[in-house]
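Bear in mind these aren't lab numbers, they're just calculated from the coordinates by the rules spelled out. Note that the coordinates shown come from a computational prediction; the quantities given were computed from them, not determined experimentally. Because the Cβ atoms are built from the backbone with ideal geometry, glycine has one as well, and the counts that use them run over all protein chains shown.
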Amino acid sequence: MKLQSSPLTRNLASVALTCAMALPTLAHAQMASSPTLYEQLGGKPAITMVVHDMLANVVADNRINHDFARTNIPHLQMELVSQICEATGGPCKYTGLNMQQAHKGMNLKTADFNALVEDLQKSMNSNSVPLGLQNQLLAILAPMEPDVVHK
Ligand code: HEM
């Protein structure tokens with residue numbers, strides 16, 4: 001059977017052609033929108049691994065582990081993952097205490113802060129997080145220092 005060229009088939013052909021022309025543009029637009037730090041880190045599973053290993057380092061770190069002696073570590077892990085997920089552009093909503101409230105009365109010093117950052121860096125290294133991504137995460141956490149350490 002021979003297909004007749006009708007206004008309808010001509011219109012469909014024109015729609016198909018327009019779509020075919022638009023596809024490369026859409027693909028390009030998607031590539032152009034850069035992935036969030038959350039996505040680059042590997043999302044929630046990868047962030048959970050990094051936080052888990054960081055807390056293991058903290059618990060073994062004699063410089064600061066006394067501060068965590070009475071802390072519910074699985075709860076702290078959950079809060080930290082949620083905080084980092086949100087801060088890096090992920091789909092989470094951190095509902096824990098703000099940094100001033102969370103560290104009130106602990107009398108933390110810059111040296112304590114730096115020790116925890118080192119434990120995080122150690123964890124990111126052992127989880128093969130690229131240095132550029134490590135620095136982006138540290139740049140998000142660094143401004144929290146004034147709220148964490150005792151003035
Ligand atoms: C950028 C640095 C830090 C971040 C992002 C951070 C984040 C957090 C978060 C999200 C919580 C949970 C708050 C909640 O339960 O609602 C928390 C609690 C806690 N943080 Fe930090 N923290 C930082 C630095 C430190 C340092 C340097 C220490 C001590 C050396 C520390 C010790 C603790 C302790 C002991 C708790 C748990 C308190 C409890 O048992 O309830 N944090 N922190």
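Assorted remarks:
- Segment 72-90, residues that are near the ligand (Cβ under 8 Å from one of its atoms), more than 16 Å from the chain's Cα centre (by Cα) and touching a residue at least 12 places away in the same chain (Cβ under 8 Å): LEU76
- Single residue of ASP53, ASP112 found to be buried (at least 17 other Cβ atoms within 10 Å of the Cβ) and more than 11 Å from the ligand (Cβ to nearest atom): ASP53
- Pair list, Cβ < 6 Å and 6+ apart or interchain, from segment 42-71 residues that are touching a residue at least 24 places away in the same chain (Cβ under 8 Å) and among the aliphatic types (A, V, I, L, M) to residues that are in a helix (DSSP H, G or I) and away from the ligand (no atom under 12 Å from the Cβ): ILE47/LEU41; VAL50/SER123; VAL50/MET124; MET54/SER123
- For LYS93, the conditions (1) basic (Lys, Arg); (2) within 14 Å of the ligand (Cβ to nearest atom); (3) in a helix (DSSP H, G or I) all hold with the exception of (3).
- Here LEU133, LEU120, LEU137 are screened, and the one residue that is surrounded by 15 or more Cβ atoms within 10 Å (Cβ to Cβ) and away from the ligand (no atom under 12 Å from the Cβ) is LEU133.
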